[in-house]
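Step one of this worksheet: look at the structure below.
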Ligand SMILES: Cc1cc2nc3c(=O)[nH]c(=O)nc-3n(C[C@H](O)[C@H](O)[C@H](O)COP(=O)(O)OP(=O)(O)OC[C@H]3O[C@@H](n4cnc5c(N)ncnc54)[C@H](O)[C@@H]3O)c2cc1C
């Protein structure tokens, strides 16, 4: 059958593209497709976020979030360097403006140290030198936090995927998922796409897609489904 793949990734944000990339690295011969409902990739969270490459301060030491944030930051910088994507190493300050926030600031500082992230506790005078518009009782300086344009990152991933033979379909909203005896049929406006496995990377719609696939999902992504989400 035409439109037949080993794996279909639903969602063309950074997670869908990075998942397709990782699958292609592990199984270069697998036939992969990324299905994105919009006309362009990365138009939802990925293309509208703050562009921060987080350093790993916030997460509980020892957790996967902490470990993967620190590891992911290194990999993201490597990827950007390889593809000539501009990264601004602007650093970041986290401020406590009221006495009640000081213990939380201290906790973040300790987490940063425990996670192996360079952090420094600074006083108001040092803060003014870094950011004259900020006022605080104390602040944390995180020199390794950086910013990048994640749309550019996604464009580079897309070029790489296309060059490796991965199919990327836009205007391909998955509207129904049907399991057959030996495959999974995904209905999209242009065609039925058949895959042996699917990966749900539909971002804020991933609960809708999971239900479509027959999963019993005991959660709801807020805000609740609007007319667009319900489709
Ligand atoms: C305001 C804001 C600021 C943020 N700032 C940062 C930051 O500075 N740094 C950082 O690292 N993270 C930040 N994040 C988090 C980050 O943006 C997200 O974790 C990341 O973009 C999620 O990527 P995603 O691919 O899962 O989701 P998305 O980018 O939302 O992609 C999901 C894709 O799935 C598609 N889709 C949905 N349903 C279907 C369907 N049925 N069929 C086909 N396609 C479908 C959508 O059209 C969409 O393109 C921020 C998030 C927000 C909301």
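The values are calculated or read from the model by the stated rules, or taken from the named source; none is laboratory data. Worth saying up front: this structure is predicted, and the values here are computed from it rather than measured. So basically every Cβ, Gly included, is an ideal-geometry build from the backbone, and we count neighbours across all protein chains shown.
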Given the conditions (1) within 14 Å of the ligand (Cβ to nearest atom); (2) within 24 Å of residue 42 (Cα to Cα); (3) outside the structural domain of residue 15 (by TED's automatic domain parsing), and given that residue 212 satisfies all but one, which numbered condition is not satisfied?
(3)
Of the conditions (1) touching a strand residue (DSSP E or B) at 6+ places or on another chain (Cβ under 6 Å); (2) touching a residue at least 40 places away in the same chain (Cβ under 8 Å); (3) over 12 Å from residue 153 (Cβ atoms), residue 30 satisfies every one except a single condition; which number is it?
(2)
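Conditions (1) touching a residue at least 24 places away in the same chain (Cβ under 8 Å); (2) surrounded by fewer than 19 Cβ atoms within 10 Å (Cβ to Cβ), marked per residue:
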| site | (1), (2) |
| --- | --- |
| 146 | yes, no |
| 150 | yes, no |
| 157 | yes, no |
| 167 | yes, yes |
| 176 | yes, yes |
| 180 | no, yes |
| 192 | yes, yes |
| 197 | yes, yes |
Kindly indicate the residue of segment 119-131 that is modelled with pLDDT of 95 or more and in a loop (DSSP other than H, G, I, E, B) and also nearest to the chain's Cα centre (by Cα) among those meeting that condition.
119
